[in-house]
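Engineer: Before anything else, here's the structure in question.
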Amino acid sequence: MNIKAPLIMESVFILIAGLVYFITGNDFFIFNFLFIGTAIAIGIFLIGNGYEYGRNLIMLVVGSYLLFYVSILGHESLSLSGFWYYLFLGVFEAAVIHFLIAKIAGPFIFGRGWCGYACWTAMILDLLPYKTPNHERKNWGYFRYILFVAIFCFVVSLFIFKMNNLDEIIFYTFLIGNVIYYIVGIALAYHLKDNRAFCKYVCPITVFFKLTSYFSLLRVKVNNDNCNGCKKCIKNCPMDVDMLNNSRKRENGTECILCLKCIHDCPNNALKL
Ligand code: SF4
Ligand code: SF4
């Protein structure tokens, strides 16, 4: 029974909770980060002890908490539009802190761990039947950049045109945007037979990840002495990563969501974090 990894994870979140409380003076962040850290630690403990759906469980608990409790009940838009909005207002609260930790600074350490363990869009997409992509990767990734720029321009225009009720506009943008994301994500998954098609081609948040997760401290690496070249890992990877190449320039290297499927599937124990 390995409890080292869960304890490390819990400790990291205790540290983050203390640091953010120290900076903001807001005790909500102690509860927030302890809740998320404990959910992730329990999930990692379950995964480490052979529970196949541990990662899905973490995503459902953390993703639902962030979506329903923090965003909808708390009326705090944790989306990209909310991030720009609160950043431009100079409000250093939930949305900005969330982006800084999970999506901008954090990926230097844990890459796209957000996408594998906390995203409320992917928590639903990962329940669909196409866990292993069943199509050649499309050249559609440019769409994420268009959406990223469009969201940025939308928020800027709200300020330029001095719109009233900005808080309400951003909140309803968040709600409507998420409904659209679910519809598009599910439709794409069924159309391409790939649960993570939305993450590969549409999600605008990945523009941040593309820059930072390249340097991620946590990466899957191969031990070539153990690998027999069966490529089962590559075939089963939901994000089309070439994890048999240890270089940072490996194909789709910034796409890894640290789901650990390749590590578990390898019959020769040739992969590790
Ligand atoms: S790519 Fe976007 S939708 Fe997919 S898991 Fe990451 S944040 Fe969520
Ligand atoms: S299968 Fe391996 S390389 Fe692919 S996303 Fe999961 S952890 Fe990353």
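Engineer: If you place +1 on the Cβ of every Lys and Arg, -1 on the Cβ of every Asp and Glu, and leave all else neutral, what size is the dipole of the chain about its Cα centre, to the nearest 20 Debye?
Structural biologist: For this selection, approximately 980 debye.
Engineer: Another one. I'd like the orientation of helix 28-48 relative to the chain: the angle between its Cα long axis and the longest Cα principal axis, in ° from 0 to 90, rounded to 10.
Structural biologist: Long axis of 28-48 versus the principal axis of the chain: about 20 degrees.
Engineer: Another question, then. Give me the distance between the Cα centres of region 72-99 and region 128-199, rounded to whole Å.
Structural biologist: So the separation of the two Cα centres works out to 17 Å.
Engineer: While we're on this one: Give LYS235/LYS272; LYS193/LYS221; LYS4/LYS200; LYS200/LYS231; LYS131/LYS272; LYS138/LYS162 a once-over and call out the pairs whose C-alpha atoms are over 29 Å from each other.
Structural biologist: Too far apart for the 29 Å limit: LYS4/LYS200; LYS138/LYS162.
Engineer: For the chain, can you list the cysteines whose C-beta has no other cysteine C-beta under 4.7 Å from it?
Structural biologist: CYS115, CYS119, CYS153, CYS199, CYS203, CYS227, CYS230, CYS237, CYS256, CYS259, CYS266
Engineer: Sticking with this one: Please give, to one decimal in nm, the separation of the simple spin-label points placed at ILE176 and LYS232, each 7 Å out from Cα toward the Cβ.
Structural biologist: Each label point lies 7 Å from its Cα, and together they span 4.9 nm.
Engineer: Here is a further query. Compute the Rg to Rh ratio over region 49-149 from the alpha carbon atoms, using the Kirkwood formula for Rh, and round to two decimal places.
Structural biologist: Value, to two decimals: 1.01.
Engineer: Can you sort MET9, MET243 so the residue with the fewest Cβ neighbours within 10 Å comes first?
Structural biologist: Going from sparsest to densest Cβ surroundings: MET9, MET243.
Engineer: Exposure proxy check: SER157, SER77 ranked by fewest other beta carbons within 10 Å?
Structural biologist: Ascending number of Cβ neighbours within 10 Å: SER157, SER77.
Engineer: Report, please, the projected area of the chain averaged over directions, based on the convex hull of its C-alpha atoms, in nm².
Structural biologist: Spelled out: convex hull of the Cα atoms, projected over all directions, averaged, 14.5 nm².
Engineer: Same structure, new question: In deg cm²/dmol and to the nearest 500, what is the mean residue ellipticity at 222 nm of the chain if only DSSP H runs of at least 4 residues count, each as -39500 (n - 2.57), divided by the residue total?
Structural biologist: Result for the chain: -16500 deg cm²/dmol, rounded to the nearest 500.
Engineer: Taking the Cα atoms only, what angle lies between the long axis of helix 4-24 and the longest principal axis of the chain, rounded to 10 degrees?
Structural biologist: Orientation of helix 4-24: about 20 degrees from the principal axis.
Engineer: For region 105-249, with only Lys/Arg (+1) and Asp/Glu (-1) charged at the beta-carbon, what is the dipole magnitude about the Cα centre, in debye rounded to 20?
Structural biologist: The dipole magnitude comes to about 540 debye.
Engineer: So, one more: Please go through region 14-123 and write out the GluC sites (Glu not before Pro) that DSSP classes as loop and that have at most 13 other C-beta atoms within 10 Å.
Structural biologist: Loop-located and lightly packed - GLU52.
Engineer: Using 1/(1 + (r/R0)^6) with R0 = 25 angstrom and r between the beta carbons of ASP225 and PHE108, what's the FRET efficiency to the nearest 0.05?
Structural biologist: So, using R0 = 25 Å, E works out to roughly 0.30.
Engineer: If r is the Cβ-Cβ distance from ILE3 to TYR51 and R0 is 22 Å, what FRET efficiency results, to the nearest 0.05?
Structural biologist: It comes to 0.95.
Engineer: Using 0.36 nm per residue of separation minus the Cα-Cα distance, give me the extension gain between GLU93 and VAL207 in nm, one decimal.
Structural biologist: Additional length available on full extension: 38.8 nm.
Quick note: the coordinates plus some simple rules give every number you see, no bench work behind them. Note that this is a predicted model, so its numbers are computed, not measured. So basically every Cβ, Gly included, is an ideal-geometry build from the backbone, and we count neighbours across all protein chains shown.
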